[in-house]
C-alpha cells in the first residue's frame, strides 16, 4: 500500500504542478499579487495529499513588516509553513541548485544566502530589508541548518540583523515572530526520539530515499506554535532579539514534543 500511495501522490502532484508553474511564471512576469498566492495554494494542496495535519497554537501577528524566525527540522518545513499563509523563505545558496526543489524555491521568490562568502551578507541583508519594506513576510531559519527535531540549535544573528535595514526612520520598527515546528505523530502514534528521523532530514541524509519514505508513510501530525512577536526598532540589539526568539522556540518545541502544549485547546486546529 505504501508504494501505491507514493505513486498516486506523485501523479497528483505532477498534474497540480504542471498547471501552477506556468501560472506562477506569468504572475512573476506581470508582478501580480498572485505570485504570493499561487505557491501558498500549491503547499496547501501538497499537505493534503501527503496527509499532513497541521495543528496551530497561537496565531501569526498581523503587524508588518514581519520576519518569522523558525527552527528547521526537515525539507517538509517549507511545505508546512508555506501552507499557512503567503510567504517567502531565506535559504542557503545550494538550495538553488537542487533538482526540482531549486526551481520551486526560485518560483517562491526565495532569497538565497551564500554562507561561505561573509562579504555577501550585506547584499543579502539589503535584499531581505527591501522585501520586508514591500510587505512580504519572510521566513528565516536562524539555526543555519536542519536538526533532528529533538532540540533547537543556537540562533545565528547576522541575518536577523537584516531587519535593522528595514527600519527606515527613528520611530519605525519591524516585527520578528518566533515560530516552533514539531513533528509529533505518525499514524496517530507519537514519533518519539528514535522514530523522529523518519520525518526529520538533517546531516548527511540523502534526499531521494528520505522523500520516497515520506511519500509512502501515512498521516503525519505537525504542531506549529506561534510565539509573541518581538518589536525590533532602531535601538534594538539583534543578539538580544535572537536570544529571545531562540528561547521562545526552544520552549515551545519541548512542550510540543512532550505533549505539554497546555490543557486549553490550541488557538487554531485543523488541516492546512
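Scanning the stretch 1-27 for residues that are loosely packed, with under 12 Cβ neighbours inside 10 Å and touching a residue at least 24 places away in the same chain (Cβ under 8 Å) yields a single hit, 3. Of all residues in the stretch 176-198, which are outside any helix (DSSP H, G or I) and either free of Cβ contacts under 8 Å to residues at least 60 places away in the same chain or over 19 Å from residue 57 (Cβ atoms) (or both)? Scanning the stretch 176-198 gives 185, 186, 187, 188, 189, 191. Applying the criterion of at least 2 residues that are under 26 Å from residue 22 (Cβ atoms) to the strands (runs of 3 or more DSSP E) found wholly in the stretch 45-161 leaves 88-92, 111-113, 138-140. Closer than 28 Å to residue 260 by Cβ, crowded, with 16+ Cβ neighbours inside 10 Å, within 16 Å of the chain's Cα centre (by Cα) and in contact (Cβ under 8 Å) with a residue 60 or more places away in the chain: does that describe residue 43? So residue 43 does not fit the description; no.
There is no residue in the stretch 122-129 that is within 24 Å of residue 243 (Cα to Cα), in contact with a helix residue (DSSP H, G or I) (Cβ under 7 Å, 6 or more places away or on another chain), surrounded by fewer than 22 Cβ atoms within 10 Å (Cβ to Cβ) and modelled with pLDDT of 90 or more. Beta carbons closer than 6 Å, at least 6 apart along the sequence or on distinct chains, pair a first residue in the stretch 50-61 that is in contact (Cβ under 8 Å) with a residue 40 or more places away in the chain with a second that is part of a loop (DSSP other than H, G, I, E, B) and crowded, with 18+ Cβ neighbours inside 10 Å for 54/272; 57/261; 61/229.
The values are calculated or read from the model by the stated rules, or taken from the named source; none is laboratory data. This structure is a prediction, so every number in the text was calculated from the model and none was measured. As a convention, Cβ positions derive from the backbone with ideal geometry for all residues, glycine included, and neighbour counts pool all protein chains shown.
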